[in-house]
Amino acid sequence: MNKWKKVLSIILALCVVCGLAATAFADGFTDAHGDAVQLDESLEATADVLLNGADNAARQGETNLGDLWTDALRWFAVSGTINGYFEEDDVTAGNTEVAVDEDHIVALWNGGNLRADIAAGTFGDEQLAEVLPYPNSVAVVYMTGAQLLEALEAASQGLPYTDESADACASFMQVSGLVYTVDTSREYDKGEAYGEHWFKAASLGRVSIEEVNGQPFDEQATYAVITSNANFNGMDSSYVFAAAAEANENSTITTAAVRDVIWMYIADELNNVVGEDYAQAQGRITIG
């Protein structure tokens, strides 16, 4: 009898261990840097449509997930919510809000950092972490219109997308607040090599910006680009971001985690429902 009690106790102990492991898996996520991330199981929303991020979709052209993602980042700035997330040193220096008018605020997000679909139906924090498995923070980079145009030119250098250009296309920018075209019939003018897969733009001509927030694009104007700390620091083809950030002391990395901001937008602006407005890409980018 004692033998069976011992066996039963071992089985029960294993069940407890397995149960704890399952709970840990449900509550945690290992990000792309190998770090454990605690997920918030209370976060829940509904997607009425499939949001496309898998199979390198956001490296090939505009996607509805790219539209949602960049809309959230631009909303974060335009709504003033970002004002509570500036670093203490910024606040002390008087850098406490985005320093341009709303119609000069845009958001750019590289397609290589949208890694998974969000299926139609209920989704939570784990699905968002699968889309962006990196601990990115929201950054603000002030650029002239001329710099913004060069940034998009460099970011689009891998297009048209092929299996061979997939790595270079990781830099391709999803956008909110502007409309642009990439003329792939013109060859990208490669300048100095930048990183493993990219080149600086020796000249411009493939990319044109049609409008910014419904207004004419102005190469002399200053625009606030809401993006990630990775682009701020010059990741992929983002050499223009790094140079512009260094040149303007108001450019900064905030304390806001990008995934948290996406949840804020979904909850506060969309009432936790990603609806038919995001059924398909919204025509912000033309690749011809």
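Explain nothing, just the number: relative contact order of the chain, from Cα pairs under 8 Å at least 6 residues apart, as a whole percent.
So the answer I get is 28 percent.
Could you calculate, for the range 153-251, the ratio of the Cα radius of gyration to the Kirkwood radius, expressed as Rg to Rh?
On the way: Rg = 13.6 Å, Rh = 14.4 Å.
Rg/Rh for the range 153-251 comes to 0.95.
Explain nothing, just the number: relative contact order of the range 23-97, from Cα pairs under 8 Å at least 6 residues apart, as a whole percent.
Values: 39 pairs, mean separation 10.3, N = 75.
Relative contact order of the range 23-97: 14 percent.
Taking every pair of distinct Cα atoms and averaging 1/r, then inverting, what Kirkwood hydrodynamic radius in Å comes out for the range 53-170?
16.1
Helix 64-78 versus the longest principal axis of the chain: what is the Cα-based angle in degrees, 0 to 90, to the nearest 10?
Compared with the principal axis, the helix lies near 80 degrees.
Note down the relative contact order for the range 64-140 as a percent, whole number, built from C-alpha pairs under 8 angstrom at least six residues apart.
Details: 45 pairs, mean separation 22.8, N = 77.
Contact order relative to length: 30 percent.
Just to be sure I understand, if you calculate Cα extents along the principal axes in Å for this structure, which of [x] 86, 47, 38; [y] 64, 50, 34; [z] 106, 66, 47 do you get?
This structure yields the entry labelled [x].
Where the centroid of each part is defined by its Cα atoms, how far is the range 213-288 from the range 131-178 in Å?
The range 213-288 and the range 131-178 have Cα centres spaced 10 Å from each other.
In deg cm²/dmol and to the nearest 500, what is the mean residue ellipticity at 222 nm of the chain if only DSSP H runs of at least 4 residues count, each as -39500 (n - 2.57), divided by the residue total?
Computed ellipticity for the chain at 222 nm equals -9500 deg cm²/dmol.
If you build a Gaussian network model of the chain, linking Cα atoms that sit under 10 Å apart, which residue out of 185, 208, 228 swings the most?
It is 185.
Which residue, 52, 271, 250, tops the fluctuation ranking in a GNM of the chain built on C-alpha contacts under 10 Å?
So, out of 52, 271, 250, the one fluctuating most is 271.
Kindly state, as a whole number, the per residue volume in cubic angstrom of the convex hull around the alpha carbon atoms of the range 132-193. Before the final figure, lay out the partial values.
Numbers: hull volume 8.7 nm³, N = 62.
Each residue corresponds to 140 Å³ of Cα convex hull volume.
Mind telling me which of 222, 92, 181 comes out most flexible in a GNM of the chain, alpha-carbon contacts under 10 Å?
Residue with maximal mean-square fluctuation among 222, 92, 181: 92.
What do you get for the angle between helix 2-27 and the principal long axis of the chain? Use alpha-carbon atoms, 0 to 90 degrees, nearest ten.
10
What is the angle, in °, between the Cα long axis of helix 145-155 and the longest principal axis of the Cα atoms in the chain? Nearest 10 is fine, range 0 to 90.
It is inclined by approximately 50 degrees.
For 104, 197, 33, what ranking results if the residue with the fewest other Cβ atoms within 10 Å of its Cβ goes first? If you can, show how the numbers build up before the last one.
Numbers: 104 20, 197 17, 33 9.
Least to most surrounded, the residues fall as 33, 197, 104.
Throughout, read-outs are computed from the coordinates displayed, never taken from laboratory work. Please read these numbers as outputs of a predicted model, since none were measured by experiment. Neighbour counts run over all protein chains shown; Cβ positions are idealised from the backbone, glycine included.
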